[in-house]
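The values are calculated or read from the model by the stated rules, or taken from the named source; none is laboratory data. Just so you know, these numbers come straight off a predicted model, no measurement behind them. Here the Cβ positions follow ideal geometry from the backbone for every residue, glycine too, while neighbour counts run over all protein chains shown.
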């Protein structure tokens, strides 16, 4: 028991002992920011409706009360004077989404006055444009990056086990394959996050600039700053983690292991 406590104390009181495991802490914020970026506009939970790629509003003055439609990678939100409603957009038609996001549309369908008809056309136009942008322009590359990052973490665990295995030097091909797969997935995921962040920032910014500069545009578009910040933060954490992997996995020859055991 005394020998065990002595070894434990030596391990934890070495200057570099705790720093060796510090890079693992980078996984937590990377996963959290991934999740926040992908769940934008899926629900009305606090702050979720504010995580959007772009927000759309009508550019005409046919209605007195402005309405707004926001889209995330998988969700969509409708905002009017009655509040905010959000849901997943996958597999739903324009009419279904418009009715769910703006319940007043059901009562206005039976109304024949010009104001109600104009507001209904405005809502349908906004939802249609939002769905087109979500499915054709803002494809969720970030989701693929999240899957690759998860697989990369799993591969890293296998690589750590392989490094600690006494027979790792007897199977160099196996070790090389696991190492390359690990690095490939982690750095590939980082590259995809960078591509998603850059593409979203440029596309959303271009749409905002174009819609503001067109005097006859029926829809005005505003880019979502919060989502862009979250994606760039995710990229930063993944870069740091990917660069720290070689420090987490260090190969030791049998001679070094034998010398360490003797000491």
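Summary of computed values
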{"quantity": "Positions within the range 220-240 being surrounded by fewer than 21 Cβ atoms within 10 Å (Cβ to Cβ), under 22 Å from residue 134 (Cα atoms) and over 15 Å from the mean Cα position of the chain (by Cα), in sequence order", "calculated": "220, 222, 223"}
{"quantity": "Matching helices (runs of 4 or more DSSP H) fully within the range 147-263 where at least 1 residues are at pLDDT 95 or above", "calculated": "172-213, 225-248"}
{"quantity": "Filter result for residue 28 (within 15 Å of the chain's Cα centre (by Cα), at pLDDT 90 or above, loosely packed, with under 11 Cβ neighbours inside 10 Å and closer than 29 Å to residue 234 by Cβ)", "calculated": "yes"}
{"quantity": "Selected residue (criterion: modelled with the lowest pLDDT) from residues of the range 81-115 that are surrounded by 19 or more Cβ atoms within 10 Å (Cβ to Cβ) and either out of contact with any strand residue (DSSP E or B) (no Cβ under 7 Å at 6 or more places or on another chain) or not in a strand (DSSP E or B) (or both)", "calculated": "105"}
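This table checks each residue for (1) in the same structural domain as residue 68 (by TED's automatic domain parsing); (2) over 25 Å from residue 95 (Cβ atoms); (3) in contact (Cβ under 8 Å) with a residue 40 or more places away in the chain; (4) buried (at least 21 other Cβ atoms within 10 Å of the Cβ).
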{"residue": "144", "(1), (2), (3), (4)": "no, yes, yes, no"}
{"residue": "157", "(1), (2), (3), (4)": "no, yes, no, no"}
{"residue": "202", "(1), (2), (3), (4)": "no, yes, no, no"}
{"residue": "217", "(1), (2), (3), (4)": "no, no, yes, no"}
